[in-house]
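All remarks here apply to the structure that follows.
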Amino acid sequence: MTAPATPRTLLDKLWTSHLVRELGEGVALIAIDRIFLHERTGSVALKSLKDTGRPVLDPSRVFCTMDHIVDTTPDRGDATRMPGGTAFIVETREAAQAAGIHLFDVRDPLQGIVHVISPELGIVLPGATVVCPDSHTCTQGAMGAFAWGIGSTEAEHALATGTLRVKRPKTMRVRFEGALPEGVTAKDMTLALIAAHGSVGGNGYAVEYAGPAVEALEIEARLTLCNMATEFSAVTGFIAPDAKTFEYLRGRAHAPVGAEWEQAVESWQALRSDDGAVFDKEIVIDVSNLSPMITWGTSPQHAVPIRASVPAQAESGTTAEAYSRALQYMDLKPGVPLESLKIDAAFIGSCTNSRLSDLRRAAHILRGRRVAAGVRAICVPGSMSVKKAAEAEGLDQVFRDAGFEWRESGCSMCFFAGGESFGKQERVVSSTNRNFESRQGPETRSHLASPETVAASAVVGHLVDFRRLTGEVI
Amino acid sequence: MEPFRFLRAVAAPILRANVDTDAIIPSREMKSVSKTGLVDGLFAGWRYTEIGGREPNPEFVLNQPAYAGTKILLGGENFGCGSSREHAVWALHEYGIRVVIAPSFSPIFRGNCVRNGIVPVTLPAESVAQLAEFIAPDPQARQIDVDLEACQVRAGVHVYSFELESEAREMLLEGLDGIDLTLKHRADIDAFVVRDRLQRPWIYSLVTPTNVEKPRA
């Protein structure tokens, strides 16, 4: 008889299965299964690698997309509204072709935001290590992968060696207990977590999201939950894969097939933290009474329930200096109800909330309604596949009839790159992930929320609890 | 990468929390596929009087004569959060910054520093505040010492010890290239792949890329 094995966390299993060798003091050489690049930060990695004469070790496991500065207007080509953007697109294309890696080019019907298309095409798989020079790579942890954002130099390292030198993160489990109230979403869960534990609460940790409220989420919602692990300052976030994950992946373009699929699923069943596994930190959040959340300030931790008011400094979880700077930037005063704030624009898109289920839920609110006068409203599907599927259901018409612009896929106005932006001091309600100063345009004021909240606020012209429109019991 | 052992230099405080990489170098200032030519974009939103302009804003700390020659930044909590763009670190390095001292760093930014010869020093917020107080009366005369071999920051009579994992410390001290270091383990990497192909064949069975679109004329 062998002694019972020590219970292991999911991180333990992901780590051990990719351990090439220990490098000392908790640093190890970790095998990388999938590398994703985009034209903004991947281009410079490919170029630099080429300049040093080093080849890409295994091009078949490297993918590249054009998402960050590509235009999202119809009939787009290499020209960009962002000054100088064309060079990034052209040089990325040339470098990708020279390296022989997979490329989802500007006019490819499979093009889209990296963290939308990777699950959609079965590129990220449970138990895989996935890196991309993009901070929101943690999104892909929702598939049961160990996926994290890196810099361009580390991307070069991964491309050249198939490995990274990684300091082992501490382990944290965030258990979401209870059942989400109707209409409250994964976006609200992640904002509530960061509001309660701060924008550095996850620093140094790999966060496993678990508990009944997480198990109940569909895959697209899990991607939303994991997306903002980086706003929690975590190394990454992930969720143990389950039957929903396997069903989601079955038959996807790059997912395994036949006997390999059966073998993979059997192996993936073991990818969960064992009973009794010990974490360095545990957080429990009961979601039974969670509300739709909205940010009032300039950090994702500045989030409150939509029916709340701008908090006093003592309740804001922030220093006096940061608090007054945030209020000044956002043009707010303590005690002002968030729902009283008039908006100038509404944006639905980004790697956080641009998938088909997001668009369906927003369209449900927009159907038969019109965007308020003076509000600019934009919807940017996360991938061309999402766009096509939405159009097949007639969602594009719902958005257009309501007064939304309906775009080609890309990161678009989630951030300002020098091209398109929202105006100075304009107030924007946005389904994106960052409300930093000038994130969506110089001096633009961003309020982060779920697609439901964005759609409803666009209709009434001010921030609003969408349940006031849909008549759901609150 | 140039080795880093010891530095005595002018330090400048940018102590607000959550200084993100878009504040360090706005996306609009990343104008070419290059690791260089970024220095004019450093802190562009704060450093100049207008967006896109180059008229120095006299209010911004690095524009003040007292902070000329700054090589050490004192930062706030969650320094370098946001976008993973390494351009933030390249721009800092091009400006001459060799050390950032802050209570906490975004993990990606911290890793990018180590790979580009910038020492990320984590000290408690009170210590960073003390350092800021120390330099304030005369930043040119009251320079700060950063000793990476001893893992110490020294300012006048104050001595602060910091921790840095030996991997990062060695890379900075020796100016090592990570790829060169790792390729010494090429045999281990190859052996891993041989083993792993048997255990997880599906990871390696991707079709060869065929969907590369030709550029439009």
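Taken together, the values in this text are just the output of simple stated rules run on the coordinates, not laboratory data. Since the structure is predicted, the reported quantities are computational estimates derived from the model, not experimental observations. Note: ideal-geometry Cβ built from the backbone for every residue, glycine included; neighbour counts use all protein chains shown.
Would it be correct to say that residue A:267 is in a helix (DSSP H, G or I) and polar (S, T, N, Q)?
yes
Restricting to segment B:1-34, count the residues that are of a type outside the set (D, E, K, R), in a loop (DSSP other than H, G, I, E, B) and within 11 Å of chain A (Cβ to nearest Cβ).
10
Out of A:179, A:195, I need the residue that is part of a helix (DSSP H, G or I) and away from chain B (no Cβ under 13 Å). Which one?
A:195
Looking for whichever is more than 26 Å from residue A:269 (Cα to Cα), of a type in the set (A, V, I, L, M), more than 7 Å from chain B (Cβ to nearest Cβ) and surrounded by fewer than 24 Cβ atoms within 10 Å (Cβ to Cβ) here; the options are A:121, A:110, A:159. Which one fits?
A:110
Of the numbered conditions (1) touching a Gly at 6+ places or on another chain (Cβ under 7 Å); (2) in a strand (DSSP E or B); (3) not basic (Lys, Arg), residue A:283 fails exactly one; give the number of that condition.
(1)
Looking at segment A:212-236, which of its residues are over 11 Å from the mean Cα position of the chain (by Cα) and either buried (at least 24 other Cβ atoms within 10 Å of the Cβ) or free of Cβ contacts under 8 Å to residues at least 60 places away in the same chain (or both)?
A:212, A:214, A:215, A:216, A:217, A:232, A:233, A:234, A:235, A:236
Can residue B:74 be described as in contact with a Leu (Cβ under 7 Å, 6 or more places away or on another chain) and assigned to a helix (DSSP H, G or I)?
No; evaluated as a whole, the condition is false for this residue.
From the residues in segment A:398-425 that are touching a strand residue (DSSP E or B) at 6+ places or on another chain (Cβ under 9 Å) and assigned to a helix (DSSP H, G or I), which one is surrounded by the most Cβ atoms within 10 Å (Cβ to Cβ)?
That would be A:412.
Taking segment A:319-362 as the search range and keeping residues that are hydrophobic (A, V, I, L, M, F, W, C), out of contact with any strand residue (DSSP E or B) (no Cβ under 9 Å at 6 or more places or on another chain) and in contact (Cβ under 8 Å) with a residue 60 or more places away in the chain, which one is nearest to the other protein chains (Cβ to nearest Cβ)?
In this case the residue turns out to be A:351.
Sort out for me the helices (runs of 4 or more DSSP H) sitting completely within segment B:158-204 that have 3 or more residues that are surrounded by 15 or more Cβ atoms within 10 Å (Cβ to Cβ) and more than 8 Å from chain A (Cβ to nearest Cβ).
Output list reads B:166-174.
Among B:45, B:37, which is the only one that is out of contact with any Cys (no Cβ under 9 Å at 6 or more places or on another chain), surrounded by fewer than 23 Cβ atoms within 10 Å (Cβ to Cβ), within 14 Å of another protein chain (Cβ to nearest Cβ) and farther than 24 Å from residue A:434 by Cα?
Exactly one residue qualifies, and that residue is B:37.
Considering segment B:161-195 alone, what residues qualify as being touching a residue at least 12 places away in the same chain (Cβ under 8 Å) and not small (Gly, Ala, Ser)?
Scanning segment B:161-195 gives B:162, B:163, B:164, B:169, B:171, B:172, B:173, B:174, B:176, B:177.
Here's the yes/no breakdown for (1) among the charged types (D, E, K, R); (2) in contact (Cβ under 8 Å) with a residue 60 or more places away in the chain; (3) at the interface with chain B (Cβ under 7 Å from one of its Cβ atoms); (4) surrounded by fewer than 18 Cβ atoms within 10 Å (Cβ to Cβ):
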| residue | (1), (2), (3), (4) |
| --- | --- |
| A:47 | yes, no, yes, no |
| A:51 | yes, no, no, yes |
| A:64 | no, no, no, no |
| A:83 | no, yes, no, yes |
| A:86 | no, no, no, yes |
| A:101 | no, yes, yes, no |
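Considering only residues of segment A:1-39 that are charged (D, E, K, R) and out of contact with any Asp or Glu (no Cβ under 8 Å at 6 or more places or on another chain), which is surrounded by the fewest Cβ atoms within 10 Å (Cβ to Cβ)?
A:22
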